[in-house]
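Below is one structure; the comments refer to it alone.
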Amino acid sequence: MDVTQTRDNSKIMDYTIPFNKPTLTGDEFAYISMAIKNDLHISGDGTYTRKCHAMLEQMLGVPKVLLTTSCTHALEMSAMLLNVQEGDEVIVPSFTFVSTVNAFVLRGARPVFADVRPDTLNMDETKLEALITPRTKAIVPVHYAGVACEMDAITEIASRHGVAVVEDNAHGLLAKYKGRYTGTFGALATQSFHETKNFTSGEGGALLVNDPALIERAEIIREKGTNRSRFFRGQVDKYTWVDVGSSYLPSDILAAFLFAQLENREAIQAKRALIWNRYHSGLEGWAAEFGVQLPTVPPHCEQAYHMFYILLPSLEVRTRLIAYLKHLGIQAVFHYLPLNTSDMGQSFGYKAGDCPVTEDVSDRLLRLPFYNSMTAEEQLRVIHALHAFRDWH
Ligand SMILES: *Cc1c(COP(=O)(O)O)cnc(C)c1O
């Protein structure tokens, strides 16, 4: 608990509302102790890993799901599975987390940045075709904030040019595009179970393999380049080095934690929907009055309620608002500096002005506190603080 000095100088006992707070569903510890007691198998691919695989496969209708140590690692596996190499190009949005692009750069690819749409902040599908060259190996749409990209257009362009689609679905587990789950459109898709995501195991991820032709090699790459998975299924009598690979299996202790979260997915998503809707209704009139843009969810998209962001009129207003909220004990953060203007982006020859929409929204976006255990009172404090902000000019 810390004491916040309010503007009228009255002291109120208050605590900081964090931007994010991981929330337990209650069963995590029970499952972790069972994972440890159960035949003492705490390394990868134990009972709880298999439970998570089966649950995710059934839930999403995906032929193969493999838990990984992170979404970053699932993206790295995707790059290996597609044989991305020196000279290849990979199209990624300029407004995303670094892992979306780094996974492919690690294999020697050149990133090609697609600017985003000003409404959903997703990869702008109308600018995609112009970025395709004979060297394009993959398109990596990111379903930003758990609102689906325009997958009809993206998959049509990809298949016409014979280019693979890898969905970075870190924000989008359980989101839908025209009634179909995100993560089921690309040959491959990746999930994150990092502490900041809807469902978590602290660190964690998953690779969704939608193209059955990639399943066996995905298992091999994840198991240090060996056919150990086939060995455990009794399909070969010894296992050996058969391909490139690394160690991408999480411990079964982490899978036990994750299973508790996934089992409670409906309650978690209902809670997040409530929080999102409360922000939206509490801020709608305010946003219209002060020229603030709220998130856009197209009618054919069912969102995953991953975050609530606002787009302020300018960088200066955002800077002042962050300081104002901090003074009231509220932690709000921005994210995603444009990849094209980053040091690495510049080393590939990109510069300011290449992705104007990304560069603009990156300056003005603010994410509000959002976590599964957030109370109505905490949320009202945030909404009231925004309404009380006066420093617009
Ligand atoms: C969180 C995130 C990642 C990385 O996830 P990790 O599990 O931390 O590796 C990748 N892409 C996007 C869009 C993310 O938000």
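The values are calculated or read from the model by the stated rules, or taken from the named source; none is laboratory data. Predicted model, so just to flag it, every value in this text is computed and none were measured. When we count neighbours, we look across all protein chains shown, and the Cβ atoms used for this are built from the backbone with ideal geometry, even at glycine. Ligands, DNA and RNA are stripped out before the accessible areas are found, and what is left, the full protein with its side chains, is counted by its heavy atoms. Shrake-Rupley method; radii C 1.70, N 1.55, O 1.52, S 1.80 Å.
Counted by Cβ distance under 13 Å from Asn227, the other residues give a net charge of +2, where Lys and Arg count +1 and Asp and Glu count -1. Distances between every pair of Cα atoms in region 223-314, grouped in 5 Å steps from 0 to the bin holding the largest one, split as 3, 10, 12, 12, 10, 9, 8, 9, 9, 7, 5, 3, 2, 0 percent.
Let me make sure I get this right: for region 311-393, a, b and c are the square roots of the gyration tensor eigenvalues over alpha carbons, sorted descending. Under 1.5 in a/c it's rounded, otherwise prolate if a/b > b/c, else oblate. Which is it? Let's see the in-between values first.
Values: a/c = 3.30, a/b = 2.03, b/c = 1.63.
Prolate is the answer for region 311-393, as a/c is 1.5 or above and a/b outweighs b/c.
GNM, the chain, Cα, under 10 Å: largest mean-square fluctuation among Phe232, Phe199, Phe113? Among Phe232, Phe199, Phe113, the largest mean-square fluctuation in the Gaussian network model of the chain belongs to Phe232.
Pull up the cross-link candidates among the aspartates and glutamates for Lys238, meaning alpha carbon to alpha carbon under 20 Å and not fewer than 8 places away within one chain. Result set, ordered by chain and number: Asp45, Glu216, Glu219, Glu223. Among Lys37, Lys137, Lys224, the largest mean-square fluctuation in a Gaussian network model of the chain, built with springs joining Cα atoms closer than 10 Å, belongs to Lys37. Centroid-to-centroid, using Cα positions, region 327-393 and region 79-144 are 23 Å apart. The local environment of Gly204, defined by Cβ-Cβ distances under 10 Å, has a net charge of -1 under the rule Lys, Arg +1 and Asp, Glu -1.
Taking the chain as a Gaussian network of alpha-carbon nodes connected by springs under 10 Å, the highest mean-square fluctuation of the residues Thr100, Thr72, Thr296 belongs to Thr296. Across the protein chains, with a 1.4 Å probe defining accessible surface, the residues Trp392, Trp241 rank Trp241, Trp392 from largest area downward. Pairs over the 28 Å Cα-Cα cut-off, from the set Lys37/Lys176; Lys21/Lys64; Lys127/Lys271; Lys176/Lys224; Lys137/Lys224: Lys37/Lys176; Lys21/Lys64; Lys127/Lys271; Lys176/Lys224. Mind putting together the pair-distance distribution for region 103-152? All Cα pairs, 10 Å bins, whole percent per bin, short to long. Once binned at 10 Å, the Cα pair distances of region 103-152 give 23, 50, 26, 1.
Evaluated on region 28-263, the Kirkwood hydrodynamic radius is 17.9 Å, with distances taken between all distinct Cα atoms. Other residues within the sphere of radius under 12 Å centred on the Cβ of Val84, judged by their own Cβ, net out at 0 (K and R +1, D and E -1).
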